[in-house]
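The structure under discussion appears below in the form of structure tokens.
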Amino acid sequence: MAEKAWGGVFDQATDKRVEAFTESISFDRRLYAQDIEGSVAHAQMLAKVGLISAEECHQIEQGLAEIRQEIEQDRFSFRTELEDIHMHIESALVARIGDVGRKLHTARSRNDQVATDLRLWVRASIDQIDARLLELQRAFVSRCDRDADVILPGYTHFQRAQPVLAPHYWLAYCEKLERDRQRLADCRRRVNVLPLGAAALAGTSLPIDRAEVATRLTFEGIAANSLDAASDRDFAIEFAFALTLIAEHLSTWAEEWILWSTVEFNFIKLPQTFCTGSSIMPQKINPDVLELIRGKTARVVGNLQSLLVLVKGLPLAYNRDLQEDKEPLFDSFDTVRMALELAAPLAAGAELNRASILERLDRGHLDATTLMEHLIRRGIPQRTAHGLVGRLVRKALDRGCRLSDLTLDEFREAHPDLDESIYQVLGPEKAVAAMQSYGSTAPAQVQEQVERWKKRLDES
Ligand code: ARG
């Protein structure tokens, strides 16, 4: 029992199955850097308030630096009996520097320690995800000039609706990703609060200086309630939620491009380096990366669900259940990070099939709404104009032609006030050009937005 940090009160050894069941080292080892960073700051604070000497602090720092190297060079041995990353590092420290190492855990519990480690990890992970979101935004914006003159059918109910400029599509994703970035920034403010000093749950009778630790770890705030600090995992769940919405956005985009890359659509050609083949059908070039971006969204949603259920009904303060927070959180982070890393080159590298898009734009009467609005501008009530254009579309459908193929006589038959000017809004280019509201797909509006985005991304 001597080996266990908590072994004092026990006179029997732990069942091996219990060790295997309760360990977290298999997954919390990835917190080693945060654990050491937190311990260094804690030791420096202990020295500052006189709970350890400057020399002892130096030895602890030295020992921790060596342990860090060992872990990074894969020379560190991880053992299930030592439970978690905190015990591993502490026992390695004691093995290295003896009794001085036994002072590190002064005024600290693993409860506030793990909360601190996790906050440091989430904070760094937010920054990593944010940088990748920015890369993906750049990829979409980089397409805008290239595709400036391409008009795509816009859909509602997945039926052709109105024509839109391709850059308008790309910037729609930039806007969604921007809100994802804002959510992360907002979450980061609540993550960036120091729990250390809460100790097990009640604080400590020792004269610690929490502000000193907060400054050293660049936390913006100090948790004001020790019970809350030791039990709170909202910050991790918020991050998992922000990751889930990112995954949902990527999934929507992936679904769209999977459809666009089919022979049926033939709107887009994906870079071959991001496609895979079939083992039986030699002709296949499959969009597997996009499919897995869509597919892996399921596990990200599941992880969020796991976390929410995990904390449901936990009494204050720390409960071992909380150890289960890490795997879903790590998994969501890894999944979304990889998805973003693949999404950026894919988004930048795909080529639009202009000819095929143009061909499809011709059918579907995408200019019907603009025609209706043209009539409204001529004083015809909206409901009347709607019915009137509906009848004109019916006529075009029966004849198998476009609205612009109808003769002026046919338009006049529908309404005596109509004249040549109606042809100014017919056809996808004219329908797009006729737009003018803020945020619409009008070329001038889109260009303004493209410029705004370029400027914004240049600044970040
Ligand atoms: N491995 C634990 C976790 O992740 C560390 C905290 C354990 N604390 C305790 N009192 N057993 O939650």
Please report the Cα spread of segment 1-85 along all three principal axes, rounded to whole Å, starting with the longest. 42, 33, 17
If I model a spin label as a point 7 Å beyond the Cα along the Cα-Cβ vector, how far apart are those points for D228 and D362 in nm? 6.6
In degrees, nearest 10, the alpha-carbon axis of helix 234-260 is tilted away from the dominant principal axis of the alpha carbons of the chain by 30
Alpha carbon centre of segment 167-237 versus segment 279-299: separation in Å? 37
What's the ranking of 259-269, 243-253 by average number of surrounding C-beta atoms within 10 Å, highest first? 243-253, 259-269
Relative contact order of the chain: what whole-number percent is it, with Cα pairs under 8 angstrom and at least 6 residues apart? 15
Could you tell me how many degrees, from 0 to 90 and to the nearest 10, lie between the Cα long axis of helix 54-72 and the main elongation axis, the longest principal axis, of the Cα atoms of the chain? 50
Roughly how many percent of the accessible protein surface of the chain is carbon and sulfur, given a 1.4 Å probe and a whole-percent answer? 52
Contour excess over end-to-end distance, with Cα ends at D186 and T22 and 0.36 nm allotted per residue: 55.7 nm
Residues meeting the amide H criterion for L165 (H placed from the backbone, H to H distance under 5 Å, 5 or more places apart or on another chain) are L152
Place the peptides 49-62, 338-351, 9-22 in order of packing, highest mean first, counting for every residue the other Cβ atoms within 10 Å and averaging per peptide. 338-351, 49-62, 9-22
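The values are calculated or read from the model by the stated rules, or taken from the named source; none is laboratory data. Keep in mind the model is a prediction, meaning the values are calculated, not measured. Quick reminder, even Gly has a Cβ in these numbers, built from the backbone with ideal geometry, and neighbours come from all protein chains shown. Quick note on the areas: whole protein, heavy atoms, side chains included, nothing else; ligands and nucleic acids left out. Shrake-Rupley method; radii C 1.70, N 1.55, O 1.52, S 1.80 Å.
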